[in-house]
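Trainee: Starting off with a structure, shown below.
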Amino acid sequence: DPGWTVYNPEADYTRIGLMGDNADPRLRVYHNKDYALCPTYPSMFIVPDVSNQVLEADAEYRSRRRIPAIVWRRPKAPFAVLARCSQPRTGLTGRSTCTADETIVESIRQLAIDVPKVSDPGSTDKVNIRLVDARPYVNALANQLSGAGYENTSNYKLLKRKFLGIGNIHVMRDSLRKQQHLALELEDKRRRSTMGLHTDRALNFAQYVSKSDETTSWLEHITGLLEGATYISTKLEEGQSVIVHCSDGWDRTPQLTALVQLMLDPHYRTLKGFAQLIEKEWLSFGHKFNER
């Protein structure tokens, strides 16, 4: 298929049960006309069935107006969902709150719960929702200086938060460059060895980088991402909805949400499905490919 047509959001959301006959009536499609609600979100995305006024109020509260958008749904009950967004704007004191945001988060929590049974009317009070903040805690705290920050979990019902401690794009880029330098350095030593200019003829890349301080941080980043994606996948499989964000929600966030969907959805492990996943989680939700 040509690249422009390989991803059809309506078809993909219908396949995973976020649209169409099998969709939860507590969900709806939001049409981001002229990208007015969020300039860096796709033209259509899935949100809980709340009013446009609530969405607009939450857009004022979330960094770069990137409100929680639902991107995946567990295919069997309990139908937990995966959502993504950006950090909240809690202000310098970290005390600013937003009723609209609390409403949306609670609506997402409720999606993993069937309609309460008459025999157990309190069943809605037994399911947690997970908030996964990809950043180190100190980074989230430091962001308060610019008016952003992190959620006060006491304002949200049954919300459990986990900081993953993953470095930002600049830290990762620096680490990758060091790793690339090691590979070039090894290749140069191999070349010199064939010319009789180097005595070590048993140069092995894995052994070489394993002894280098430069490679440690890169492997730590990869480990952090895989552990984070595994944690999110586990909670979804346990029937708890998960919201993922970092700072702006377009670097670490898609790394995690895409990895989770690769782990849990076999369609995305096909060639066509993988291309759709890149279009969906990275391009349509505003990853800055031209700057990264």
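Trainee: Counting residues that are touching a helix residue (DSSP H, G or I) at 6+ places or on another chain (Cβ under 7 Å), under 24 Å from TYR231 (Cβ atoms) and modelled with pLDDT of 80 or more, which helices (runs of 4 or more DSSP H) fully inside the range 112-220 reach at least 3? Quick ask: steps written out before the conclusion?
Mentor: On the way: elements: 137-142, 169-194, 205-210.
Correct list: 169-194.
Trainee: Next up: Is it the case that the range 85-92 has a residue that's free of Cβ contacts under 8 Å to residues at least 60 places away in the same chain and either out of contact with any Pro (no Cβ under 7 Å at 6 or more places or on another chain) or surrounded by 15 or more Cβ atoms within 10 Å (Cβ to Cβ) (or both)? Spell out how you get there, then give the answer.
Mentor: Filtering the range 85-92 down to residues free of Cβ contacts under 8 Å to residues at least 60 places away in the same chain leaves 91-92.
Then keep just the ones that are either out of contact with any Pro (no Cβ under 7 Å at 6 or more places or on another chain) or surrounded by 15 or more Cβ atoms within 10 Å (Cβ to Cβ) (or both); that gives 91-92.
Among the residues of the range 85-92, at least one is free of Cβ contacts under 8 Å to residues at least 60 places away in the same chain and either out of contact with any Pro (no Cβ under 7 Å at 6 or more places or on another chain) or surrounded by 15 or more Cβ atoms within 10 Å (Cβ to Cβ) (or both), which makes the answer yes.
Trainee: Since ALA229 meets every condition but one in (1) within 20 Å of VAL47 (Cβ to Cβ); (2) surrounded by 23 or more Cβ atoms within 10 Å (Cβ to Cβ), which condition does it not meet?
Mentor: ALA229 satisfies every listed condition except (1).
Trainee: Another question about this same structure. Could you check HIS267 against (1) surrounded by fewer than 18 Cβ atoms within 10 Å (Cβ to Cβ); (2) within 19 Å of TYR231 (Cα to Cα) and say which number it fails?
Mentor: Unmet for HIS267, out of (1) surrounded by fewer than 18 Cβ atoms within 10 Å (Cβ to Cβ); (2) within 19 Å of TYR231 (Cα to Cα): (2).
Trainee: Answer with yes or no whether ILE70 is touching an Asp or Glu at 6+ places or on another chain (Cβ under 7 Å) and open to solvent by less than 10 Å² (accessible area, probe 1.4 Å). Reasoning before the result, please.
Mentor: Working: touching an Asp or Glu at 6+ places or on another chain (Cβ under 7 Å): no; open to solvent by less than 10 Å² (accessible area, probe 1.4 Å): yes.
When the stated conditions are applied, ILE70 does not pass them.
Trainee: Related question: Of all residues in the range 18-45, which are among the hydrophobic types (A, V, I, L, M, F, W, C) and either over 23 Å from LYS288 (Cβ atoms) or in a loop (DSSP other than H, G, I, E, B) (or both)?
Mentor: Start the filter on the range 18-45 by keeping residues that are among the hydrophobic types (A, V, I, L, M, F, W, C), which leaves 18-19, 23, 27, 29, 36-38, 44-45.
Scanning the range 18-45 gives LEU18, MET19, ALA23, LEU27, VAL29, ALA36, LEU37, CYS38.
Trainee: Considering only residues that are open to solvent by less than 30 Å² (accessible area, probe 1.4 Å) and either farther than 18 Å from ARG66 by Cβ or of a type in the set (Phe, Trp, Tyr) (or both), which ones fall in the range 24-45? Spell out how you get there, then give the answer.
Mentor: The first filter runs over the range 24-45 and keeps only residues open to solvent by less than 30 Å² (accessible area, probe 1.4 Å), leaving 24, 27, 32, 37-38, 41-42, 44-45.
Correct list: ASP24, LEU27, TYR41, PHE45.
Trainee: Do you know which residues across the range 254-270 are in contact (Cβ under 8 Å) with a residue 12 or more places away in the chain and touching a Phe, Trp or Tyr at 6+ places or on another chain (Cβ under 8 Å)? Quick ask: steps written out before the conclusion?
Mentor: Taking the range 254-270 as the starting set, the residues that turn out to be in contact (Cβ under 8 Å) with a residue 12 or more places away in the chain are 254-265, 267.
Once the filter is applied, which keeps residues that are in contact (Cβ under 8 Å) with a residue 12 or more places away in the chain and touching a Phe, Trp or Tyr at 6+ places or on another chain (Cβ under 8 Å), the range 254-270 yields PRO254, THR257, ALA258, VAL260, GLN261, LEU262, LEU264, ASP265.
Trainee: Of the residues SER63, SER96, SER107, which single one is small (Gly, Ala, Ser), open to solvent by 10 Å² or more (accessible area, probe 1.4 Å) and free of Cβ contacts under 8 Å to residues at least 60 places away in the same chain?
Mentor: Details: SER63 fails: free of Cβ contacts under 8 Å to residues at least 60 places away in the same chain; SER107 fails: free of Cβ contacts under 8 Å to residues at least 60 places away in the same chain.
So the residue among SER63, SER96, SER107 that is small (Gly, Ala, Ser), open to solvent by 10 Å² or more (accessible area, probe 1.4 Å) and free of Cβ contacts under 8 Å to residues at least 60 places away in the same chain is SER96.
The values are calculated or read from the model by the stated rules, or taken from the named source; none is laboratory data. Just so it is clear, the model here is predicted, and its values are computed rather than measured. Positions of Cβ are generated from backbone atoms using ideal geometry, with glycine treated the same way; all protein chains shown enter the neighbour counts. Each accessible area value is taken on the protein alone, full model and side chains, heavy atoms only, with ligands, DNA and RNA left out. Shrake-Rupley method; radii C 1.70, N 1.55, O 1.52, S 1.80 Å.
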